[in-house]
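What follows is a single structure, written as structure tokens, with notes after it.
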Amino acid sequence: MADVRYWLGFNMAPRIGPVRLRALVHYFGDVEAAWHADAASLRAAGLRQDALERLIALRARVDLDAVLQRVTALGLTIYTWDSPDYPALLRNIAQPPPVLYVKGTISPADEFAVAVVGTRHASAYGKEVARRLARGLAENGVTVVSGLALGIDGVAHRAALDAGGRTLAVLACGLDSVYPSSHRELAERIVAAGALVSDYPVGTRPDAANFPPRNRLISGLSLGTLVVEAGIKSGALITVRFALEQGRETFAVPGNIYNRSSSGTNALLQAGEAKLVTSVNDILEELNLTMVSQHTEARAIVPETVEERTLLAHVGPSLYTLTSWCAPRASPPPPCRARW
């Protein structure tokens with residue numbers, strides 16, 4: 001695995017996203033060689049002049065050792081494309097982020113995850129529905145993924161935590177800050193029972209332009225996305241669009257036809273772009289997540305070495321059968337399309 005410093009360096013480079021970085025790594029063999037390449041070689045690798053100039057300027061001023069030291073001091077874990085434990089669901093989307101910053105822990109249990117998103121201006125009805133559904137998911141061993149925003153997101157995170165479950169919060173800024181600041185205490189609870197996640201470098205401030213790209217990570221980390229309450233122009237509907245592009249399931253809760261906060265969810269249902277949800281069982285059954293705890297136990301004893309496989313051969317095939325039968329349903333990823 002290449003030195004993580006070079007991944008952090010490219011993650012700070014303007015105009016170099018997943019598509020261009022993958023091309024550079026392919027051309028030079030690894031990310032370290034790409035970082036140290038001269039201008040002529042970078043140009044030959046297909047890097048455009050504007051991105052090339054910005055990369056050279058960045059290399060001249062940035063101290064990668066200092067960058068890594070700051071990340072380490074914050075207690076962050078770094079996942080890159082080279083990391084064997086990079087989240088499997090996210091790895092399978094088109095152009096996954098090259099670098100993930102994580103505060104807390106991402107565990108194998110988080111492969112059973114559902115995103116719960118919605119409006120920041122939630123009604124009492126929306127909050128109660130989000131609370132019940134997120135709690136139901138957590139009680140069934142499903143990780144709740146959301147964006148730490150006010151409204152539905154915050155309710156979903158808290159409900160999962162209160163139920164003793166796991167939750168992941170995807171931020172649209174660097175993990176050296178929490179946005180909104182009113183959710184700092186909630187963020188601390190999430191770190192203790194899940195993780196804060198971002199693909200933005202440390203020091204990145206929350207900006208309106210960061211939120212739509214962030215939403216593709218929320219859906220990418222999840223088997224399905226549930227919208228509880230959202231208006232027509234809500235960012236939650238952007239998350240649904242990404243989920244559909246990623247081949248993931250989408251769900252929506254019907255709402256009051258006179259409430260603007262339900263216009264988006266009702267429109268999704270009317271267009272057939274999301275499955276109607278009235279209880280947590282609608283989600284669990286659609287995603288084949290009704291036996292998550294049994295599946296987790298079975299996975300824990302699936303053999304990883306030759307010796308373990310030999311031993312299991314004498315025990316019998318029933319464990320393999322259980323593992324296959326309990327597997328969550330997930331659609332294959334769509335063909336790669338460059339977006340960011």
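The values are calculated or read from the model by the stated rules, or taken from the named source; none is laboratory data. Predicted model, so just to flag it, every value in this text is computed and none were measured. Neighbour counts run over all protein chains shown; Cβ positions are idealised from the backbone, glycine included.
Some observations on this one:
- Matching residues, segment 124-134, being touching a residue at least 40 places away in the same chain (Cβ under 8 Å) and more than 24 Å from Ala208 (Cβ to Cβ): Tyr125, Val129, Arg132, Leu133
Every residue, every condition in (1) crowded, with 22+ Cβ neighbours inside 10 Å; (2) assigned by TED's automatic domain parsing to the domain that holds Arg15; (3) without any contact (Cβ under 8 Å) to a residue 40 or more places away in the chain, yes or no:
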{"position": "Ser83", "(1), (2), (3)": "no, no, no"}
{"position": "Leu89", "(1), (2), (3)": "yes, no, no"}
{"position": "Ile106", "(1), (2), (3)": "yes, no, no"}
{"position": "Ala138", "(1), (2), (3)": "yes, no, yes"}
{"position": "Val142", "(1), (2), (3)": "yes, no, no"}
{"position": "Ile152", "(1), (2), (3)": "yes, no, no"}
{"position": "Ser181", "(1), (2), (3)": "no, no, yes"}
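- Among the candidates Asp63, Asp110, the residue that is among the charged types (D, E, K, R), at pLDDT 95 or above and assigned by TED's automatic domain parsing to the domain that holds Val197 is uniquely Asp110.
- Top-ranked residue of segment 93-129 - restricted to ones that are among the hydrophobic types (A, V, I, L, M, F, W, C) and in a loop (DSSP other than H, G, I, E, B), ranked as farthest from Gly165 (Cα to Cα): Ala94
- Residues of segment 254-294 that turn out to be in a helix (DSSP H, G or I) and small (Gly, Ala, Ser), as a count: 6
- Unmet criterion (only one of (1) surrounded by fewer than 24 Cβ atoms within 10 Å (Cβ to Cβ); (2) β-branched (Val, Ile, Thr); (3) farther than 14 Å from Leu150 by Cα) for Thr225: (1)
- Scanning segment 154-179 for residues that are of a type in the set (Lys, Arg) and either outside the structural domain of Ser222 (by TED's automatic domain parsing) or not in a helix (DSSP H, G or I) (or both) turns up just one, Arg166.
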